[in-house]
Structure formats: C-alpha cells, structure tokens
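The values are calculated or read from the model by the stated rules, or taken from the named source; none is laboratory data. Please read all numbers here as calculations on a predicted model, not as lab measurements. Cβ atoms come from the backbone with ideal geometry, glycine included; neighbour counts cover every protein chain shown. Just so you know, the surface numbers come from the protein's heavy atoms only, side chains and all, with ligands and any DNA or RNA stripped out. Shrake-Rupley method; radii C 1.70, N 1.55, O 1.52, S 1.80 Å.
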Amino acid sequence: DEIKKALPDSTYWKMAFPTSDKDLIAERERIRAEWNTQYGKVQANTATDEEIDAYYGDQQKLSEDYVEFLVYLAEHHANEVPRSAVGALKLAGEMHLARLEEIPRKIAEAKERHAAHEKARQEWLAEQAKFATPAAPTD
C-alpha cells in the first residue's frame, strides 16, 4: 500500500502487478489485445507516425513505470524482498531498461518503413491511374 501511495499513477499497478482480480485481468487482456493490433499495424507498415508514437509511447511508459517501481522497491524495501525473488526482479529491470534503450531506434525504423511503404503505395496508385484513364480519341 505504501508503494502504491508513492507511485499512484504507475501503469505497473494496472498492467504488471500480480493480481487475481478478474476485472483487472480482463482489462489487461483488452489493453494487450489493443496493443497487439497497434503492433500489427506497425509491423505491416500501415501505422501512421502518430500511431507509431502512441504504440511505443505506451510501451515506454510501461517500462519506465516498471523500472521506477523496482528502484523504489530496492531503495525502500530491499531487506523485505525474498532472496528467491531478487534475481527475477533484477532480470525484469534489465529487460525493461533494454526495451527503453531500443524504443527510439524502433520508432525511427518503423517510421522509415512506413514512409517507404507509403511512397511505394502512392507510386503504385499513380501507375494504376494511368491505366484507368481512357485514352483520348484520335482523329
């Protein structure tokens, strides 16, 4: 409860903290399904720059909040964490830090792929328009 009061707006509580609350589990599943849809658009190069930023913004917020939780836990409750959990928590922190390092590169790559995809699409549409336009009558 003390950590929740210290980090009240953390997405860690909503998306990662262990729970058996069926409503929260259902909400997490809904959010993850939405993220999967967004990620599919990013991977298919059909997400707009705004959609790319929104998807990776959500991922960045989750990782930042997870790391913030772990740092708070280490600074204020390190002696209360069971030894058996220390390794898993350390690994989780390292994974989220690695994700945070990768996000700017992933955003740039996704935007480059989308721009190339959109350019190819526009070229294809222009080429198709040439064939769809009836030829002018000749005398």
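Tabulated data
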{"quantity": "Highest-MSF residue in the chain out of N79, N45, N36 [GNM, Cα springs under 10 Å]", "calculated": "N79"}
{"quantity": "Cα gyration tensor shape of region 32-99, rounded if a/c is under 1.5, else prolate or oblate by comparing a/b with b/c", "calculated": "prolate"}
{"quantity": "Exceeding the 25 Å Cα-Cα cut-off - candidates K61/K119; K5/K61; K22/K90; K22/K106; K5/K90", "calculated": "K61/K119; K22/K90; K22/K106"}
{"quantity": "D21-K119 FRET efficiency (beta carbon distance; Förster radius 35 Å; 0.05 resolution)", "calculated": "0.15"}
{"quantity": "Within a Gaussian network of the chain (alpha carbon springs, distance under 10 Å), most fluctuating of K14, K90, K22", "calculated": "K22"}
{"quantity": "Residue among P104, P18, P82 with the largest mean-square fluctuation in a Gaussian network model of the chain, springs linking Cα atoms under 10 Å", "calculated": "P82"}
{"quantity": "Residue-averaged [θ]222 nm for the chain, counting only DSSP H segments that reach four residues, each worth -39500 (n - 2.57)", "calculated": "-28000 deg cm²/dmol"}
{"quantity": "Solvent-accessible area, 1.4 Å probe, carbon plus sulfur percent, for region 1-60", "calculated": "50 percent"}
{"quantity": "Additional length obtainable on full extension of the chain from R28 to A78, 0.36 nm per residue less Cα span", "calculated": "15.2 nm"}
{"quantity": "Hull volume in cubic angstrom per residue (convex hull over the Cα atoms of the chain)", "calculated": "132 Å³"}
{"quantity": "Rounded accessible area per residue of the chain, 1.4 Å, Å²", "calculated": "71 Å²"}
